[in-house]
Amino acid sequence: MSTNTSLRSLLSDSALPQNEAKILLAFVIDKHYQLPRSALLSRDEMELSPEALEQWRNLESKRLSGEPIAYLVGKRGFHEIDLYVAPGVLIPRPETEILVEVALREIQKLNRPATILDLGTGSGAIALAIAHSAPQALVTATDQSPEALAIAKMNAKQLGLVDRVQFSEGDWYGALEDEYLSTQFDVIISNPPYIAAGDRHLTEGDLRFEPASALTDGGSGLSCLEAIISQAEHHLKPGGLITVEHGFDQSDATVHLMKRANLQDIQVHQDLAGHSRAVSGRKLAP
């Protein structure tokens, strides 16, 4: 076998950015040799078998064509948990972790198990991160996509949270029509489709490969936010909190929707990059 199949040579010869090449090559050596990522340095002269080399070339080619790394390796880290991801679900992003943080702060204020509703759960990222960090929380997660729910349930099983999260299929609050789920919640959270149709970002980067239904409402980008916020009062306990993620330029519009829905204590939350990323509002307590 030629020396140009060594780990060191494959990395140096790759047209990918080094950080991306290392992620993919680490995935290959873990799958074929059960070696950790550190082997890229400690065993950099090791040459790949034909099967491992073929997988590396395939992954490299797919990434060069733009396919998301998370889909290629089938995994994405999110708020202290690792999630299985596939093309049927949105790839969890660090900025969405602000929703988890807001929910966890609210849970800490309550002197009882909190009831949480995650609308449009996708891979289950938000719901499972909350269940992982707040063992006493009672979490319900909904999605209209059977494919997404199958992935979310798989993640719940892998994380040992099957008994902690209830999943239900349906469109937003329509998934709660079952009598068991027709309760009111302490916290409602959602990262809905909010990119406007025709936005150039939909044709760039990872978004090209993610499910369009999880990214855009096919219109202004505000219709899903409006549907979720306008009906929140009926599904929140008195004093309950709703938090939604929105687009980079939708903060004012989301605040307006909260006010129109008679929500109080409206706050704008920024992500780690300092961008307005989410808005929360509270149902008036009696």
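Going by what's in this entry, would A196 be described as over 30 Å from G239 (Cα atoms) and over 15 Å from the mean Cα position of the chain (by Cα)?
Criteria met by A196.
Assess whether T216 counts as being closer than 20 Å to A278 by Cα, buried (at least 20 other Cβ atoms within 10 Å of the Cβ) and under 14 Å from the mean Cα position of the chain (by Cα).
Working: closer than 20 Å to A278 by Cα: yes; buried (at least 20 other Cβ atoms within 10 Å of the Cβ): yes; under 14 Å from the mean Cα position of the chain (by Cα): no.
Criteria not met by T216.
Check P192 against each of (1) at pLDDT 90 or above; (2) surrounded by fewer than 19 Cβ atoms within 10 Å (Cβ to Cβ); (3) assigned to a loop (DSSP other than H, G, I, E, B) and name the one condition it does not meet.
(2)
Can you say whether T121 is in a strand (DSSP E or B), assigned by TED's automatic domain parsing to the domain that holds Q184 and surrounded by 17 or more Cβ atoms within 10 Å (Cβ to Cβ), as far as the supplied structure shows?
It is false that T121 is in a strand (DSSP E or B), assigned by TED's automatic domain parsing to the domain that holds Q184 and surrounded by 17 or more Cβ atoms within 10 Å (Cβ to Cβ).
Considering only segment 91-115, state which residues are under 11 Å from the mean Cα position of the chain (by Cα) and closer than 14 Å to A129 by Cβ.
P92, R93, P94, E95, T96, E97, L99, V100
Here are some residues: G198, G205, G247. Which one is farther than 27 Å from V139 by Cβ, in contact with a Gly (Cβ under 9 Å, 6 or more places away or on another chain), surrounded by fewer than 22 Cβ atoms within 10 Å (Cβ to Cβ) and modelled with pLDDT under 95? Write out each step before concluding.
Values: G198 fails: in contact with a Gly (Cβ under 9 Å, 6 or more places away or on another chain); G247 fails: farther than 27 Å from V139 by Cβ.
So the residue among G198, G205, G247 that is farther than 27 Å from V139 by Cβ, in contact with a Gly (Cβ under 9 Å, 6 or more places away or on another chain), surrounded by fewer than 22 Cβ atoms within 10 Å (Cβ to Cβ) and modelled with pLDDT under 95 is G205.
Would you be able to tell me the number of residues in segment 166-180 that are part of a helix (DSSP H, G or I) and within 14 Å of D143 (Cα to Cα)?
5
I'm trying to understand the selection: among the residues of segment 134-165, which are polar (S, T, N, Q) and outside any helix (DSSP H, G or I)?
Residues satisfying the conditions are Q136, T140, T142, Q144, S145.
Working only within segment 88-108, note down all residues that are part of a loop (DSSP other than H, G, I, E, B) and either at pLDDT 95 or above or surrounded by fewer than 20 Cβ atoms within 10 Å (Cβ to Cβ) (or both).
G88, R93
Of the residues that make up segment 109-116, is at least one aliphatic (A, V, I, L, M), part of a loop (DSSP other than H, G, I, E, B) and in the same structural domain as G160 (by TED's automatic domain parsing)?
Yes, because at least one residue in segment 109-116 is aliphatic (A, V, I, L, M), part of a loop (DSSP other than H, G, I, E, B) and in the same structural domain as G160 (by TED's automatic domain parsing).
Take residues that are without any contact (Cβ under 8 Å) to a residue 24 or more places away in the chain and tell me which of the strands (runs of 3 or more DSSP E) falling wholly in segment 196-286 contain 3 or more.
264-270
Which residue is modelled with the lowest pLDDT, if the candidates are limited to segment 1-41 and must be surrounded by 11 or more Cβ atoms within 10 Å (Cβ to Cβ) and among the polar types (S, T, N, Q)?
It comes out as N4.
The values are calculated or read from the model by the stated rules, or taken from the named source; none is laboratory data. Because the structure is predicted, anything quoted here is derived from the model rather than measured. For neighbour counting, all protein chains shown are included, and Cβ atoms are generated from backbone atoms with ideal geometry for every residue, glycine included.
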